[in-house]
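The values are calculated or read from the model by the stated rules, or taken from the named source; none is laboratory data. Quick caveat, the model's predicted, so the values are computed rather than measured. Cβ placement follows ideal geometry from the backbone for every residue including glycine, while neighbour counts extend to all protein chains displayed. All accessible areas refer to the heavy atoms of the entire protein, side chains included, with ligands and DNA or RNA removed. Shrake-Rupley method; radii C 1.70, N 1.55, O 1.52, S 1.80 Å.
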Amino acid sequence: MGEVMADDRLSAMLLEHEIRGFLHAEADLLDDRRFPEWLDLLAEDVRYWMPITRNVRHDQSALEYTREQQDSCWFDEGKETLRQRVQQLQTGIHWAEEPRSRTAHLLTNIRIVSALPDAASAKEVEVRSRFLLYRNRIHDETDILAGKRLDHLRREEGGWRISRREIRLDQSVLLAKNLTTFF
Amino acid sequence: MDTLNSLVDLQAGTVSREIFVNDEIFRQELERIFGRAWLFVGHEDLVPKPDDFFVSRMGTESVILTRDRQGKINVLLNSCMHRGMKLCRSDGGNTRAFTCPYHGWSYSTDGRLVETPGELVGVPGFATHYRGELDKKSWGLVHCPRVVNYKGTIWASWDAKAPDFEDYLGGFRIYLDAALDHRDGREGGSEMVGGVQKWRVKCNWKFAAENFIGDLYHDISHRSVDLVGIGPSGGKGRRDRPRGRTTIGFPGLGHGGLAELPHHAEPDYVATYRNHPEVEEYYRQVHEARVRNLGDRLRVTTGTGTIFPNMSFHGRQPRTIAVFHPISPTEMEMWRIYLVDRDAPQVVKDVARHYYLRYSGPGGMTESDDMENWVYATEASMGPVARRFPYNYQMGAGHSQPIPELPGGFDGGEYSEQNARVLYGRWKQLMEGGDWDALMAPGSHAAMEPAHG
């Protein structure tokens with residue numbers, strides 16, 4: 001019995017290690033501006049969604065984020081439009097990113113909240129994390145965007161793929177002039 | 001400070017950089033423009049039920065847009081009359097009374113309790129500490145004297161003497177209608193997608209107003225998105241091909257846009273949204289209904305437009321409202337609200353929302369590049385040397401033609417800076433002060449006079 005427990009805990013640790021490694025490598029691709037390779041990490045049916053955050057009374061927290069598939073938001077993307085965004089970056093005349101931003105995706109508090117069917121043979125995982133996206137460009141243009149990420153990963157042929165990313169930005173009024181980097 | 005005539009020289013077609021960066025000019029704008037003009041403050045869909053409220057802005061000031069128990073929409077200054085505390089720090093909600101967290105004064109808009117909206121109804125210690133001597137009637141919240149609901153959009157002015165809103169819109173009204181009416185021609189008929197995008201941009205607010213009043217010349221800004229192609233029918237470009245766009249401006253009002261000239265017959269249907277057959281079918285049916293509904297009435301379609309001073313709209317693809325709230329001479333807070341036909345099938349609304357969001361807003365593949373230009377134009381205009389050299393607004397000067405169907409309206413042709421001259425001409429008139437009778441008098445067409453005599 002004790003050995004089974006140990007195996008479960010080991011499986012969970014190994015899975016978390018694997019997923020953390022995947023997410024860190026993904027962040028490297030973004031910060032190294034290897035966007036086409038980043039796209040390869042997204043499932044074909046990926047949903048990349050970033051609601052707007054609102055200031056609401058303590059007992060109205062259901063209204064804090066705009067509703068998925070119904071309300072306005074900052075991003076509501078599938079793979080096709082994310083691919084278009086990468087193409088736009090590659091034109092060299094996407095002025096908001098010309099010259100390119102320097103970004104550092106700092107990822108922390110990575111925690112697996114569910115693994116299916118189980119940790120030892122996980123095909124799908126749900127991962128929570130915090131991000132701090134530092135962006136600096138030209139001389140003094142600096143954005144520090146922090147928040148929560150809820151990712152769904154799916155094991156496909158060739159490795160893990162991101163099938164869903166929900167980004168909750170901890171700002172109601174966006175304090176950046178635009179959002180031309182990926183989260 | 002330089003005289004207004006040297007700051008905005010319509011004869012020469014130049015505008016000083018000072019009006020985009022100068023603190024003193026900014027302070028005067030807040031008084032003379034934002035303290036008097038009709039300002040867009042929100043949409044009725046933000047406050048659908050009694051006691052709903054939404055916190056908005058007028059100039060640099062926070063205001064509460066609220067629907068009272070009688071259904072009327074009021075606009076109140078979001079500042080307690082006792083010590084100035086900001087009453088509502090949330091973005092919206094529903095409340096019977098606005099109670100200040102500082103000393104507890106509370107205010108109501110319920111017409112059964114109060115004579116004027118925002119009257120002071122609750123004062124802790126009124127009988128004991130104040131000995132019943134406080135004149136509650138004179139310490140109600142400051143309420144905006146002029147508020148209108150125009151086809152769902154809410155507008156307000158601090159100036160009790162401001163002209164009626166429809167007169168303020170004048171002949172340009174037909175273009176705003178084209179954005180707010182149902183695509184099939186029925187009045188009103190649009191609704192807003194829930195939620196308001198709000199973001200800060202370190203540029204003068206007028207860059208945005210100028211951009212949307214009619215600057216087709218800035219196409220190079222968007223070449224990258226055009227190369228990729230994000231339009232709803234596929235292929236290159238940002239949208240389905242617009243019909244006969246031209247520069248339409250009203251120098252006596254300060255409004256203008258890129259749109260069609262008015263006409264009586266509905267042009268033949270051209271398929272749009274071809275990537276989405278269900279949506280394309282919807283617009284085909286809407287076209288047929290429009291032909292029936294409008295008969296031979298005068299009609300237009302709208303591309304973009306600006307209502308002086310700081311509200312702009314896209315009427316077609318995308319279909320949205322933008323507001324440019326001044327924060328400082330070199331910073332604004334931009335808002336975007338998205339519109340769809342209220343009774344459209346869900347799939348039409350969904351496709352529209354996705355398209356709008358990949359086009360507009362800070363994450364929009366088109367709009368993100370606009371902000372780059374506005375921000376760095378502002379930054380590069382701040383130095384004392386740069387400020388000596390005005391911007392050039394000479395394109396198309398002296399080539400505008402009156403539009404017979406629209407008194408006071410001028411057609412500048414497809415590529416023209418006519419509408420920027422319209423905007424800054426009106427800006428100058430408001431900054432000069434003067435009463436509304438003079439401001440609304442017909443014949444103020446300085447923006448149309450030819451350059452260089």
- Query: How much FRET efficiency would the formula 1/(1 + (r/R0)^6) give for residue B:72 and residue B:274, where r is the Cβ-Cβ distance and R0 is 35 Å, rounded to 0.05?
  - Reply: 0.20
- Item | Residue list for the range B:268-299, given a label point 7 angstrom along the Cα-to-Cβ vector of residue B:186 and an amide N cut-off under 18 Å | B:282-295
- Just the accessible area per residue of the range B:173-264, please: how many Å² with a 1.4 Å probe? 30
- Item | Cβ-defined net charge surrounding residue A:156, 10 Å radius [Lys, Arg +1; Asp, Glu -1] | +2
- What is the distance, in nm, between label points placed 7 Å from the Cα along the Cα-to-Cβ direction at residue B:112 and at residue A:28? 6.8
- Item | Net +/- balance of residues flanking residue B:263 in space, Cβ distance below 11 Å, scoring K and R +1, D and E -1 | -1
- Query: If each of residue B:148 and residue B:11 carries a label point 7 Å out from its Cα toward its Cβ, how far apart are those two points in nm?
  - Reply: 3.5
- Message: Tell me the per residue accessible area of the range A:2-169 using a 1.4 Å probe; a whole number in Å² is fine.
- Response: 50
- Built amide H within the under 5 Å cut-off of residue B:140, gap 5+: B:120
- Message: Counting only Cα atoms, I'd like the Rg/Rh figure for the protein assembly as shown, Kirkwood definition for Rh.
- Response: 1.00
- Message: Output wanted: per-residue J couplings in Hz (rounded whole) for the range B:320-335, from phi through Karplus 6.51 cos²θ - 1.76 cosθ + 1.60, θ = phi - 60°, x for Gly and Pro.
- Response: 7, 10, 10, 10, 10, 7, x, 10, 8, x, 10, 8, 9, 10, 9, 10
- Query: Just for the Cα atoms in the range B:1-125, what are the lengths along the principal axes, largest first, rounded to whole Å?
  - Reply: 59, 33, 25
- Task: Would you compute, for the Cα atoms of the range A:49-121, the largest minus smallest coordinate along each principal axis and list the three values in descending order, in whole Å?
- Result: 45, 42, 25
- Residues in the range A:146-183 occluded by at least 40 Å² - accessible area, probe radius 1.4 Å, against chain by itself: A:173, A:177
- Query: How large is ³J(HN,Hα), in whole Hz, for each residue of the range B:95-111 in order, when computed from phi with the Karplus curve 6.51 cos²θ - 1.76 cosθ + 1.60 and θ = phi - 60°, using x for Gly and Pro?
  - Reply: 8, 7, 8, 9, 10, 7, x, 7, 10, x, 4, 10, 10, 9, 10, 5, x
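Please compute, over every Cα-Cα pair in the range A:106-183, the percentage with a separation greater than 17 angstrom.
Values: 1605 of 3003 pairs.
Above the 17 Å cut-off, the range A:106-183 has 53 percent of its Cα pairs.
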- Using only the alpha carbons of the range B:170-448, determine the length spanned along each of the three principal axes and report them from longest to shortest in whole angstroms. 56, 40, 30
- Note on the structure: Expected output for the range B:358-379, residues with a loss of 30 Å² or more in accessible area relative to the chain alone at probe 1.4 Å, reads B:358, B:362, B:363, B:365, B:368, B:369, B:372, B:376
- Using the 4.7 Å Cβ rule, please list in number order the cysteines from the protein assembly as shown without any candidate partner. A:73, B:88, B:144, B:203
- The set of residues whose placed amide H lies less than 5 Å from the amide H of residue B:42, leaving out same-chain residues fewer than 5 positions away, is B:154
- Message: Counting C-alpha atoms alone, how compact is chain A: give Rg to one decimal and Dmax as a whole number, in angstrom.
- Response: 17.8, 62
- Message: Going by Cα centres, the range A:17-56 and the range A:123-167 are how many Å apart?
- Response: 4
- Note on the structure: Calc'd 3J(HN,Hα), the range B:73-89, phi into Karplus 6.51 cos²θ - 1.76 cosθ + 1.60 (θ = phi - 60°), Hz, glycine/Pro = x, comes to 9, 10, 10, 10, 5, 7, 7, 5, 6, 7, 10, x, 3, 6, 5, 9, 9
- Summed over the other residues with a beta carbon less than 13 angstrom from that of residue B:192, with K and R at +1 and D and E at -1, the charge totals +1
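Rounded to the nearest percent, how much of the accessible area of the range B:170-448 (1.4 Å probe, protein heavy atoms only) is carbon and sulfur?
Roughly 53 percent, rounded to a whole number.
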- Tilt of helix A:2-31 relative to the longest C-alpha principal axis of chain A, in degrees (0 to 90, nearest 10)? 20
